[in-house]
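Have a look at the structure below, then the notes.
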């Protein structure tokens, strides 16, 4: 047995050690101690990140109450746990989203699902997460509570624990309410190897479900696009379906969760890394009608729109139907579909067969997709 | 999806392509006016379905692309003014002026907002009475009515902090400019369906008769474009030069009279410079004197005048030739090398309706590749 120390700042002291307190106008001033505003305030104060009593209250009342678990309980600088022989997977991601709450999720559940999914794509069983919060002065404590509760709920549902964390508060106007970073550790079962370099010409390319719902759901509430009103984010944890795929004996050559940049970006990254080509059948790619409609109106391509609960997988052709059957057993991937095939190397690497049977390239996007004029 | 899938039907598209092949007996060169049609052609590979004798040339119908560099510089300068909130459709933010683009201005601290509708900008003016809301009003006849409506609404609401920097252009004068050029090789036009939805197509009769070119008002989906080309090929082979309407589900002969009336209420035709092409008489819109307080070029006249004469376009950018159909994007020496979406020399490489952007995105950077 080996004990490892997970070296991230715990939800505890350390935040006001220099005595350097940001002032209201954003300049730094040196003060001998942290100010202690009244703790009955219902918004985040600078002192909530100041290391004093208010911060301790915030940690106990909101974070510890929501996340409580044996590894967090000692309130040490980091979480420790015993490990057996094997391979660990370790990942991190930061979450910024406006608005904080959107149909089908919020920044809290997103921060849990996203990091779980990064671990799952390595073939790992997610174990522990850290949570780092950057809070904007003036944020409603009720909002923070909702986000933290959502994180706790998402973590519990996925069977992972949030075992260490950190809080900082920035001046009003210097943040966007809440920014969250989560890092995660998972255990990769022995013998499991999943990597872009294992992708082979002839592999079938599968997606786990319909594309673009997350991006359109967030856009619809952010910009008040009522025509896309009933689209919900696809934000969801993927480790269970991935675990089932691995358990069913499918030889998963590679997987990637489809986040920013959507399917098109993931395929380009994988094809380039694997030094292969890919051929995608546009008519086989699942996209919900309201998502297609919103994308048509705005001039966006759903193949580039963000997802938070979808992945693409490359498996041997002979196992494609088995893999699809396994994926369709899970609600999160019930609309799994075969969308293309890995080919020999060519440049540009990803070719799309259009609905008309013609061909074009599916390239990386240059910058953000922008709504068109007419 | 209704009204989309049936116009992307492979069987129908293949049959139309076959009809075009059967119709065409000799070389013809035709232009699709609108950048939306260009993107449909390149995105769906429609040109690969056509007979070799039929050459498609991409037209000037990308409002972002034809906006002169001086106006983009004006927008950037106004965005940098203290107290100004500059509103624009998203498409315009990446277009390079001589001093960078609006994204650059935003990164440097300017308050630049993407709006989805002109009425959103009116709402911003209401909600921010202490700010000057300047809207970069770009587009063809299609987007002129909502901008006109925004001005009328702003006046009715007695807003004193709302104005338009107008870069609106009109399609028929550009078609005439192309046809009257000594270098012209266009023998027929696919007219822009959405422009005609607003304006109707009566005004195209005079062009068809004067220059003896057939004009087919055409939609944007693959089946629309192929059907428009089939109708155009039929006229060319028969020696006819008439105005026909393929886009009947959206366009009527008279167009939308109410939309035309509100445009006429707020705007009047004016001389307008087209990027890479030059000045064309009565090819743009300007705000009438009765609404002068909503004209940013009047409201900020002193600020804009302080910067001196307008900058010149980068001589390496051949977008003027591309926009007139005289040069294919991939035949430009800078395409994909000195000019990319990340570092554009001209607007056609970054606009979602730009021909260069369409080729770069859907065909890649291999020059000469069809």
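Using Cα-Cα distances under 8 Å and only pairs 6 or more residues apart, what relative contact order does chain A have, in percent?
Computed over chain A, the figure is 19 percent.
Using all Cα-Cα distances in segment B:226-370, what percent lands in each 5 angstrom bin from 0 up to the longest?
The percentages, shortest bin first, are 2, 8, 11, 11, 12, 16, 17, 13, 7, 3, 1, 0.
Starting from the exponent 0.38 and prefactor 2.2 Å, build the expected Rg for segment A:238-297 from its residue count and divide its actual Cα Rg by it.
Normalised by 2.2 N^0.38 Å, the Cα Rg of segment A:238-297 equals 1.39.
Return the average number of partner chain Cβ atoms within 10 angstrom of each residue Cβ along peptide A:348-357.
Details: counts 4, 0, 0, 1, 3, 1, 9, 7, 17, 7.
For peptide A:348-357, the averaged partner shielding equals 5.
What FRET efficiency would be calculated for the residue pair residue A:328, residue A:157, taking the C-beta separation as r and a Förster radius of 22 Å, to the nearest 0.05? Walk me through the intermediate numbers first.
Working: r = 21 Å, r/R0 = 0.94.
The formula returns an efficiency of 0.60 here.
Tally the DSSP beta bridges in chain B and give the antiparallel ones as a percent, rounded to 5. Could the numbers behind the result be given before it?
On the way: 9 of 44 bridges.
Beta bridges within chain B, antiparallel portion: roughly 20 percent.
Counting DSSP beta bridges with both partners in segment B:70-203, what percentage is antiparallel, nearest 5?
Values: 1 of 18 bridges.
Roughly 5 percent of the DSSP beta bridges within segment B:70-203 come out antiparallel.
For the protein assembly as shown, how big is the tail of P(r) above 46 Å, as a whole percent of Cα pairs?
On the way: 82874 of 276396 pairs.
Roughly 30 percent, once rounded to a whole number.
Show me A:69-77, A:112-120 ranked by packing, highest mean number of other Cβ atoms within 10 Å first.
Values: A:69-77: 14.4, A:112-120: 27.9.
The most tightly packed comes first, giving A:112-120, A:69-77.
Could you work out the mean projected area of the convex hull around the alpha carbons of chain A, in square nanometres to one decimal? Kindly include the intermediate steps, with their values, before the conclusion.
Values: hull surface 82.8 nm².
In nm², the orientation-averaged hull projection of chain A is 20.7.
Could you tell me the relative contact order of chain B? Use alpha-carbon pairs under 8 Å, at least six residues apart, and round to a whole percent. Kindly include the intermediate steps, with their values, before the conclusion.
Details: 727 pairs, mean separation 82.1, N = 370.
About 22 percent, as a whole number.
Mind checking the angle between helix A:213-223 and chain A's longest principal axis? C-alpha axes, 0 to 90 degrees, to the nearest 10.
Compared with the principal axis, the helix lies near 50 degrees.
For segment B:60-216, what D do you get in µm² per second when you plug the Kirkwood radius from alpha-carbon pairs into Stokes-Einstein at 25 °C and 0.890 mPa s?
Details: Rh = 17.1 Å.
Answer from the Stokes-Einstein relation: 144 µm²/s.
Specify whether the C-alpha gyration tensor of segment A:288-332 places it in the rounded, prolate or oblate class, a ≥ b ≥ c being the square roots of the eigenvalues: rounded for a/c under 1.5, otherwise prolate if a/b is larger than b/c and oblate if not. List each step's numbers first, then the result.
Values: a/c = 2.95, a/b = 2.29, b/c = 1.29.
Because a/c hits 1.5 or more and a/b exceeds b/c, segment A:288-332 counts as prolate.
Starting from the coordinates of the alpha-carbon atoms of segment B:86-146, obtain the Kirkwood hydrodynamic radius over all distinct pairs and give the value in Å to one decimal. It would help to have the intermediate numbers written out before the result.
On the way: mean 1/r = 0.0810 Å⁻¹.
This gives a value of 12.3 Å.
In segment B:225-306, if every C-alpha pair distance is counted and binned at 10 Å from zero, what percent goes to each bin?
14, 24, 30, 19, 11, 2
With both bridge residues required to lie in the protein assembly as shown, what share of the DSSP beta bridges run antiparallel, to the nearest 5%? Don't jump to the answer; show the numbers that get you there.
Working: 58 of 106 bridges.
If I count the DSSP bridges inside the protein assembly as shown, around 55 percent turn out antiparallel.
Sort segment A:308-374 into rounded, prolate or oblate with this rule: let a ≥ b ≥ c be the square roots of the eigenvalues of the Cα gyration tensor; rounded if a/c is under 1.5, and if a/c is not under 1.5, prolate when a/b is larger than b/c, oblate otherwise.
On the way: a/c = 2.25, a/b = 1.41, b/c = 1.59.
In terms of gyration-tensor shape, oblate.
Which value in Å is the Kirkwood Rh of segment A:196-361 over different Cα pairs?
For segment A:196-361, the Kirkwood estimate is 16.0 Å.
Mind grabbing the base-10 log of I(q)/I(0) for segment A:147-293 at q = 0.17, 0.21 Å⁻¹? Debye formula, identical points on the C-alpha positions, no solvent, two decimal places.
Calculated log10 I(q)/I(0) at the listed q: -1.28, -1.42.
Bin width 10 Å, origin at 0, all Cα-Cα pairs of chain B: what percent of pairs per bin?
It works out to 5, 24, 33, 25, 11, 2, 0, in whole percents.
Using only Cα atoms, tell me the angle between helix B:69-80 and the longest principal axis of chain B; keep it within 0 to 90° and round to the nearest 10.
Helix B:69-80 sits roughly 40 degrees off the main axis of chain B.
Bear in mind these aren't lab numbers, they're just calculated from the coordinates by the rules spelled out. Here the structure is a predicted model, which means the values were calculated and not measured. No Cβ is skipped: glycine too gets one built from the backbone with ideal geometry, and neighbour counts run over all protein chains shown.
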